[in-house]
1. Label-point separation (nm) for residue 42 and residue 19, each offset 7 Å from Cα along Cα-to-Cβ?
2. Can you compute the modelled spin-label distance between residue 56 and residue 27, with each label point 7 Å from Cα toward Cβ, in nm?
């Protein structure tokens, strides 16, 4: 009997010849990632806006990204 798996696979693992289930998706490129390949990045957020003054919020919003997107978009000057 043929069984289909509905689980999303980690794209980076598949390129390495491994088979692992994804735990999240990169918010930039959309590829599925396992715990080994996903990275959490906290972006500083500002509250308020016109006509209210801008104020940096105490806690940033966590976002999941792949290492490739982090290095190409955020560059060397961004601390993760």
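1. Using points 7 Å along Cα→Cβ, the separation is 3.8 nm.
2. 1.7
The numbers here are math on the coordinates, done by the rules we state, and not lab data. Predicted model only: the values in this text are computed from it and were never measured. Reconstructed Cβ throughout: ideal geometry from the backbone, glycine too, with neighbour counts over all protein chains shown.
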